[in-house]
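Colleague: Encoded as structure tokens, here's the structure I'll be asking about.
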């Protein structure tokens, strides 16, 4: 029995959510297939998507490097500061 049976569209409720976002690893075979066997439009779409994925990977790597730098700087600062703040016995 459907929870929304007999309800008006405005009364229907979302019961659940399924994330259907494809993973990049899954997309590679599809994109390679388009590049190797697709028509000109499919090849163009695949190339554009590969470039977009590469930009996203580069942005992720850049952000990870910045996060690492902040963590290392913060750790060094704490190592230098904490001994001065700790009470001596």
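Colleague: Return yes when residue 27 is out of contact with any helix residue (DSSP H, G or I) (no Cβ under 6 Å at 6 or more places or on another chain) and touching a residue at least 24 places away in the same chain (Cβ under 8 Å) and no when it is not.
Modeller: Yes, satisfied.
Colleague: Given the structure, is residue 82 in a loop (DSSP other than H, G, I, E, B), at negative phi and at pLDDT below 90?
Modeller: no
Colleague: Going by what's in this entry, would residue 58 be described as out of contact with any helix residue (DSSP H, G or I) (no Cβ under 9 Å at 6 or more places or on another chain), closer than 19 Å to residue 22 by Cβ and surrounded by 10 or more Cβ atoms within 10 Å (Cβ to Cβ)?
Modeller: So residue 58 does not fit the description; no.
Colleague: Look at the range 33-55 and say how many of its residues are in a helix (DSSP H, G or I) and surrounded by 13 or more Cβ atoms within 10 Å (Cβ to Cβ).
Modeller: Count: 11.
The values are calculated or read from the model by the stated rules, or taken from the named source; none is laboratory data. If you're wondering where the values come from, they're calculated on a predicted model, not measured in any experiment. Cβ: placed from backbone, ideal geometry, glycine included. Neighbour counts: every protein chain shown.
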